[in-house]
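Chemist: One structure follows; several queries about it will come next.
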Amino acid sequence: MRLSGCSPPARLHVPLVLTWLTLLVGLCSGRSDVPRGVPIHFVFDPKATCDPPCQHAGICIRNSTCLCSQGYEGDLCQYANCDPKCKNGGECIRPGKCRCPPGYGGKYCHTVTCDGGCWNGGDCTAVNGVAKCICPSSWTGSRCQDAICPQGCGNGGTCVAPGICSCQEGWFGGACHMAVCKKPCLNGGKCISPGSCRCRGPFSGPQCAERKTTF
């Protein structure tokens, strides 16, 4: 193909006009060392075919050669380009847009994210490539959602905050270890379970109110 008369070929496709004009301006203004009418090797061939075809609006400039639009690369312009590159195994799905693997987020997959977040002051950190919540000393669980009661919560109690138990009915105390007897245990008796007294001799009965008679 030759350039002559400083005018584009009549059959040139519309998407190629700008590139042709750029080449022609260079020739006609004296900025090119190529004489008029001499073959130029890097020009669009309107009859060129690319099979498989160029993707993402790429232009076939010579047989099996694609000129990619901005943001794409590869022999067929099949790959999107993200700058900077997607990190931590992320995939560039369109120019400037990364698809992040589980546990990572941000525009370029550069931040660690924990599913559901980390509660109660927990810190989301990558541990051996896996996002994990690092909890303060008084919390535990996958999201630091469970409080720790070092003393334990007995008799069905639940730890609701660090060191604080919510006790079942009939129990109280820091560890839900003390029973409640609505009727008090008398004569030195001790409440050992809700409504039940352990009596000291010689007393007995539900409230240790009865004195045993000896003969």
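The values are calculated or read from the model by the stated rules, or taken from the named source; none is laboratory data. Keep in mind the model is a prediction, meaning the values are calculated, not measured. Backbone-built Cβ (ideal geometry, glycine too); neighbour counts: all protein chains shown. The area values use the complete protein model at the heavy-atom level, side chains included, leaving out ligands, DNA and RNA. Shrake-Rupley method; radii C 1.70, N 1.55, O 1.52, S 1.80 Å.
Chemist: Collect the residues in region 192-210 that are touching a Leu at 6+ places or on another chain (Cβ under 8 Å) and either open to solvent by 60 Å² or more (accessible area, probe 1.4 Å) or at pLDDT below 90 (or both), keeping them in residue-number order.
Modeler: A209
Chemist: Being of a type in the set (S, T, Y) and outside any loop (DSSP other than H, G, I, E, B) is the filter; apply it to region 184-215 and report the residue that is farthest from P150 (Cα to Cα).
Modeler: Looking at residues that are of a type in the set (S, T, Y) and outside any loop (DSSP other than H, G, I, E, B), I get S204.
Chemist: Do the conditions hold for C181, that is, is it at positive phi and either in a loop (DSSP other than H, G, I, E, B) or of a type outside the set (D, E, K, R) (or both)?
Modeler: Spelling it out, it is not the case that C181 is at positive phi and either in a loop (DSSP other than H, G, I, E, B) or of a type outside the set (D, E, K, R) (or both).
Chemist: For region 96-107, give me the residue count where each residue is buried (at least 18 other Cβ atoms within 10 Å of the Cβ) and modelled with pLDDT of 90 or more.
Modeler: Within region 96-107, residues that are buried (at least 18 other Cβ atoms within 10 Å of the Cβ) and modelled with pLDDT of 90 or more number 2.
Chemist: Of the residues L12, L3, L21, L16, which is out of contact with any strand residue (DSSP E or B) (no Cβ under 8 Å at 6 or more places or on another chain), open to solvent by less than 90 Å² (accessible area, probe 1.4 Å), outside any loop (DSSP other than H, G, I, E, B) and at pLDDT below 90?
Modeler: Just a single option satisfies the conditions, and that option is L21.
Chemist: Among what's in region 156-169 and is more than 17 Å from W119 (Cβ to Cβ) and in contact (Cβ under 8 Å) with a residue 24 or more places away in the chain, pick the residue that is surrounded by the most Cβ atoms within 10 Å (Cβ to Cβ).
Modeler: G163
Chemist: I'd like the residue in region 54-95 that is open to solvent by less than 30 Å² (accessible area, probe 1.4 Å) and on the phi > 0 side of the Ramachandran plot and, out of all such residues, is modelled with the highest pLDDT.
Modeler: C77
Chemist: Do we have any residue at all in region 95-105 that's charged (D, E, K, R) and over 30 Å from K47 (Cβ atoms)?
Modeler: For region 95-105, residues charged (D, E, K, R) and over 30 Å from K47 (Cβ atoms): present.
Chemist: Additional query: Of the numbered conditions (1) over 30 Å from C50 (Cα atoms); (2) open to solvent by 40 Å² or more (accessible area, probe 1.4 Å); (3) not basic (K, R); (4) not in a loop (DSSP other than H, G, I, E, B), A131 satisfies every one except a single condition; which is it?
Modeler: All conditions are met except number (2).
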